[in-house]
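Structure record follows, encoded as structure tokens.
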Amino acid sequence: MSKNEVKYQLLAALKAQNCFWSYDVSALKDVPDDVLIEKVLVYLDLPEINNLMALYGRNRVKRVFRERLVPQEEYLYTLNRFLAWYYFGVKQPDRYLRQQTTRHLNRLMA
């Protein structure tokens, strides 16, 4: 399956979950990659996340995870713990999430 087909399938799955209610449906193909990665991590299941990892690579997905999901702290805490442990091999997810949140806040304050 080509990368475009995988991306289209992920977008279709997100559309079926009504995750793009605020987007123009005809412009879904123009959704930025970081937004696609974030929404897949939050709203879809393991097979789709595995496809996402294959499509964008672990490092890119982890960057989006750190920048977009970790700062949402309590709202996504359980999901973030799981993703950190299962996909990114973090041995102490609670500690990792606290560190990443502190780094994010320090960047905002600088």
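Filter the stretch 1-46 for residues that are assigned to a loop (DSSP other than H, G, I, E, B) and surrounded by 10 or more Cβ atoms within 10 Å (Cβ to Cβ); which is modelled with the highest pLDDT? Give the derivation first.
Step one: list which residues in the stretch 1-46 are assigned to a loop (DSSP other than H, G, I, E, B), which gives 1-2, 17-24, 31-32, 44-45.
Now restrict to residues that are surrounded by 10 or more Cβ atoms within 10 Å (Cβ to Cβ): 1, 17, 19-20, 23, 31, 44.
Details: Met1: 78, Gln17: 90, Cys19: 85, Phe20: 80, Tyr23: 73, Val31: 86, Leu44: 96.
Applying the filter and picking the extreme gives Leu44.
Tell me, please, whether a residue that is assigned to a helix (DSSP H, G or I) and touching a Cys at 6+ places or on another chain (Cβ under 7 Å) can be found in the stretch 65-74.
So the first thing to find is which residues in the stretch 65-74 are assigned to a helix (DSSP H, G or I), and the list is 65-74.
From what's left, touching a Cys at 6+ places or on another chain (Cβ under 7 Å): none.
Checking the stretch 65-74: not a single residue is assigned to a helix (DSSP H, G or I) and touching a Cys at 6+ places or on another chain (Cβ under 7 Å).
Out of Lys91, Lys62, report the one residue that is assigned to a loop (DSSP other than H, G, I, E, B) and either modelled with pLDDT of 95 or more or loosely packed, with under 14 Cβ neighbours inside 10 Å (or both). Walk me through it before giving the result.
Working: Lys62 fails: assigned to a loop (DSSP other than H, G, I, E, B).
From the options Lys91, Lys62, the qualifying one is Lys91.
The values are calculated or read from the model by the stated rules, or taken from the named source; none is laboratory data. Model, not experiment: these values are computed from the prediction. Don't worry about glycine lacking a Cβ; one is built from the backbone with ideal geometry, like all the others, and counts go over all protein chains shown.
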